[in-house]
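J.: The structure follows.
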Amino acid sequence: MLSCESKKRCIPLRPHHGMCLAYFKGEGYSGSFSAHMAEMLEIFEKGAEIVLQIQTDEICSACPNNREKLCRDFRKVEKYDRAVLGLCGFEEGQEMSFDTFVKAVESRILSVGKREQICGECQWNTICENQESRWK
């Protein structure tokens, strides 16, 4: 297991964002949110270490639903996060490489058709259902 005390710092990441990032194509809540998400995707893909957490993360920092570090839709996204953790066999607070995380999300959720059961009612569902995962 990696340590956030290592040379690189671990970036906090909500587990369900592993699915969001798989289908992200520049659309989102606002232009600044989309730009921030694109920037974070680039950082993650360059080999970032992450720590999984069920609370607002770095991506949430630019979200208009983030109210003083608490998501306006906390109960809904907490359900998404817990489902991702369970299906991937991870725990809250677990540290790993972003690559390890997205390989698990792809193999245990996305490629086996479980995305929609987790977040099929999400307002962004039509984006995800109409394209392939970037983690394939």
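The values are calculated or read from the model by the stated rules, or taken from the named source; none is laboratory data. Computed from a prediction, not measured in an experiment: that's the story for all the values here. Note that each Cβ is placed from the backbone with ideal geometry, even for glycine, and that neighbours are counted across all protein chains shown. The protein model used for the area step is the full one, side chains on, heavy atoms only, and it has no ligands, DNA or RNA in it. Shrake-Rupley method; radii C 1.70, N 1.55, O 1.52, S 1.80 Å.
J.: Pop a pseudo-label 7 angstrom from the Cα along the beta-carbon direction at both Lys69 and Trp124 and give the gap in nm to one decimal.
T.: In this crude spin-label approximation the distance works out to 2.3 nm.
J.: Over region 80-136, with the other protein chains present, what is the accessible area per residue in square angstrom, probe 1.4 angstrom? The partial results should precede the final answer.
T.: Details: 3060 Å² over 57 residues.
The answer is 54 Å² per residue.
J.: Within region 1-99, what whole-number % of the accessible surface is contributed by carbon and sulfur, with the 1.4 Å probe and all protein chains included in the calculation?
T.: 49 percent
J.: Show that you can apply the helix-only estimate: for the chain, add -39,500 (n - 2.57) for every DSSP H stretch of four or more residues, divide by all residues, and state [θ] at 222 nm to the nearest 500.
T.: On the way: 6 runs with 55 residues, N = 136.
The helix-only estimate for the chain comes to -11500 deg cm²/dmol at 222 nm.
J.: Using heavy-atom solvent-accessible surface (probe 1.4 Å) with all chains present, what is the largest-first order of Tyr29, Tyr23?
T.: Listed by decreasing accessible area, they come as Tyr29, Tyr23.
J.: Any chance you could look up the accessible area of Val112 with a 1.4 Å probe, heavy atoms only, rounded to 10 Å²?
T.: 80 Å²
J.: Looking at the chain only, what percent of DSSP beta bridges run antiparallel? Nearest 5 please.
T.: The antiparallel proportion sits near 50 percent.
J.: Cα extents of region 56-136 along the three principal axes, largest first, in whole Å?
T.: 35, 31, 19
J.: Of the listed values [x] 13.8, 40; [y] 13.8, 36; [z] 15.4, 48, identify the label whose number matches Rg and Dmax of the Cα atoms in Å calculated from this model.
T.: So the calculated entry is the one marked [x].
J.: Using r as the Cβ-Cβ distance of Ser111 and Tyr29, and R0 as 30 Å, what FRET efficiency do you calculate, to the nearest 0.05?
T.: 0.65
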